[in-house]
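The values are calculated or read from the model by the stated rules, or taken from the named source; none is laboratory data. As the structure is a prediction and not an experimental result, all values here were calculated from the model. Note that each Cβ is placed from the backbone with ideal geometry, even for glycine, and that neighbours are counted across all protein chains shown.
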Amino acid sequence: MSTLVIKDLHVEIDGKEILKGVNLTINTNEIHAIMGPNGTGKSTLASAIMGHPKYEVTSGTVELDGENVLEMEVDERAQAGLFLAMQYPSEIAGVTNADFLRSAINARREEGDEISLMKFIRELDKNMAYLEMHEDMAQRYLNEGFSGGEKKRNEILQLMMIKPKFAILDEIDSGLDIDALKVVSKGINAMRGEGFGCLMITHYQRLLNYITPDHVHVMMQGRVVKSGGEELAQRLEAEGYDWIKKELGIEEETEEQEA
Amino acid sequence: MTVEINLPVTVQDVRSFSEANGEPTWFTELRAAALDKAAGLEMPKPDKTNITKWDFMNFPTHTVESEGFASLDALPQEAKGLIDLEAQENLYIQRNNTPAFIKTSQELSDKGVIFTDMLTAVREHGELIKKYFMTEAVKVDEHKLTALHAALVNGGVFVYVPKNVIIEQPLQVVFLNDNAEASLYNHVLVVAEANAAVTYVETYISTVAEAQGQANIIAEVIVQDNAQVTYGAVDVLAKGYTTYVNRRARLARDGKIDWALGLMNDSDTISENITHLIGDGSHADTKTVVVGRGEQKLNFTTEVRHWGKNSNGHILKHGVMKDAAQSIFNGIGYIEHGATKADAQQESRVLMLSEKARGDANPILLIDEDDVTAGHAASVGRVDPLQLYYLMSRGISKTEAERLVIHGFLAPVVTQLPIEGVQKQLTEVIERKVR
């Protein structure tokens, strides 16, 4: 079993503090969901864990099985077992999806032990079929000209090919129609099990109809303010966030700033 | 005003070279007249690059003698890798200034296609050369370097594709430079008559570390009604050359040209790639990629000029600059009055890999007609940190991520080259140059 431990994490962007002490522990074989209104720091948390260049961690720790993640380069974090399905994946012209995926897989293997082309293609074909992706997506340039839904599927394809220990899914459900949401959820559920932990960030309970979380957390004003089980998500869906604010005595509205 | 630059040869030199080569009198006279003009003409003025201190004149010798290749096995490895030795049916290899190997298929001769070296063409296909040599696309008296080129032409290729003839397999040409004293006054003339189609791919490759001569290269492509030409070129000339390379096409009605140019010289280079869309419905797609390094000074002008109605011109230029290389990218879409419904689009992007490198993208639209569409995009910048972040977040190292982004950036030309060996070589040259 692996464990990702986030302790008292403070993060700034452009000198403005977004995360104000986040605490969270995730084990493999667990699926966590983080919910919360816009601009409360959910995406910032995801980006800070992965090492986005614009986010500055000012204090706190992130440890993966006792290793200090914050001291690692972005690629080292990935090699250690972290994966972030991004809300806005970059488009990279001239690099085919297939070449990119092969580079990502081979980056995890020793020189001379690269994945064989046949095995790679088999695996790619299988996963693409599972995600109902058109086969020409393999030879298209990475995310270039992809629709919003295609990009999200492509993130999940990478997840399935790379098989990380921990995946953080940053609003993987946003902009998806119901059919695409089902497919994406199917991919995530296929990963579920021993050796895989997941942190899903979402605005909508809808996603949780397809992927049942083990733990649900609510983030507000840069902190995790409440945690519970699946029933917490259902109550949020039914009643919104006001009751939590009341319960916890949170008054001011968070600013509209979704980073 | 006459610019006082001493010419490297006398008219007597030119005449005796021409005679030794067995050229018809008219061509000898063309050379002599061109040299005379060269004395009085001004140098070209590439936009934003000052070339007054560049030496375009001096060379150790006008022509060097090299041995031919009896078989392809004798080729140096650098050239061998370019060629599919089994399958390539139509191949011309020029070694410095010497036609060193030529192979043409039976199909080509059956169809009346001419594929031969330029000096042979002058002797054997005088009428066609007289008609097209520096008459329609590039003119002798445009400036000092075009005139000098006409006077000194000492190599190149002639391709003539008769009416309605479609050649499936690319014609491949390799200009191998393995003598440091060689100067290249190569002239390429490709004529595609009405409804003809041909793909031509040339590679310039130096195996010497440093050259001492001149490279003054002109390619003319004549695309007649409804003909199609794909022109691929990869230039990898050595440091030490002063390179002037002018590739120009002239298109008649519904003619089409696709340029794919990988400009990888290590020499200071002035490159011009101009397409004249004369005929209605003519179409030019020009793709150029460039890598500059060291102290190189580079100027790349790509222009598509529209006279034809409904003519289409697309320019894509991607450049990578490292070390202290300095480059100017001029992209010009020029729509003449009367070219209604013309479409001129261009995209110029420069990626800078070091603090000292300079890259300047100048998108220019000159439009003298109302009923047209035109657009341009230009950017100069570093490798996008978010792209690197994205790739690295999948476990790819920073070095490898940069490599992927750069190769991707230069891919538009690589993928366009229709010969696998040439494609592979360009990828390797890019790899070597950006490392």
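Before moving on, here are some points about what is shown:
- Residue check, A:ARG102 under 22 Å from the mean Cα position of the chain (by Cα), at the interface with chain B (Cβ under 9 Å from one of its Cβ atoms) and either more than 30 Å from A:LYS16 (Cα to Cα) or of a type in the set (Lys, Arg) (or both): no
- Flag for A:ILE188 being surrounded by 22 or more Cβ atoms within 10 Å (Cβ to Cβ), within 18 Å of A:MET133 (Cα to Cα) and at pLDDT 95 or above: yes
- When B:THR10 is tested against the conditions (1) closer than 29 Å to B:HIS143 by Cα; (2) touching a Gly at 6+ places or on another chain (Cβ under 7 Å), the lone failure is (2).
- Which numbered condition A:ARG102 misses (of (1) modelled with pLDDT of 95 or more; (2) assigned to a loop (DSSP other than H, G, I, E, B)): (2)
- Single match in B:GLY333, B:GLY313, B:GLY319 (criterion: assigned to a strand (DSSP E or B) and touching a Pro at 6+ places or on another chain (Cβ under 9 Å)): B:GLY333
- Where a residue in the range A:42-68 is closer than 19 Å to A:MET220 by Cα and its partner, wherever it lies, is surrounded by fewer than 14 Cβ atoms within 10 Å (Cβ to Cβ) and modelled with pLDDT of 95 or more, with Cβ under 7 Å and at least six apart: A:SER59/A:ASP8; A:GLY60/A:ASP8
- Of all residues in the range B:343-359, at least one satisfies being of a type in the set (Asp, Glu) and either under 21 Å from the mean Cα position of the chain (by Cα) or assigned by TED's automatic domain parsing to the domain that holds B:LEU263 (or both).
- Filter result (closer than 18 Å to B:ALA137 by Cα and outside any loop (DSSP other than H, G, I, E, B)) within the range B:234-269: B:TYR244, B:VAL245, B:ASN246, B:ARG247, B:ARG248, B:ALA249, B:ARG250, B:LEU251, B:LYS256, B:ILE257, B:ASP258, B:TRP259
- One residue stands out among those in the range B:397-420 that are within 30 Å of B:ALA87 (Cα to Cα) and aliphatic (A, V, I, L, M): the one that is farthest from the other protein chains (Cβ to nearest Cβ), which is B:ILE419.
- Scanning the range A:46-85 for residues that are surrounded by fewer than 18 Cβ atoms within 10 Å (Cβ to Cβ), more than 10 Å from chain B (Cβ to nearest Cβ) and under 19 Å from B:ILE396 (Cα atoms) returns A:LEU70, A:GLU71, A:MET72.
- Qualifying positions in the range B:378-394 - more than 30 Å from A:ILE162 (Cβ to Cβ) and more than 13 Å from chain A (Cβ to nearest Cβ): B:ALA378, B:VAL380
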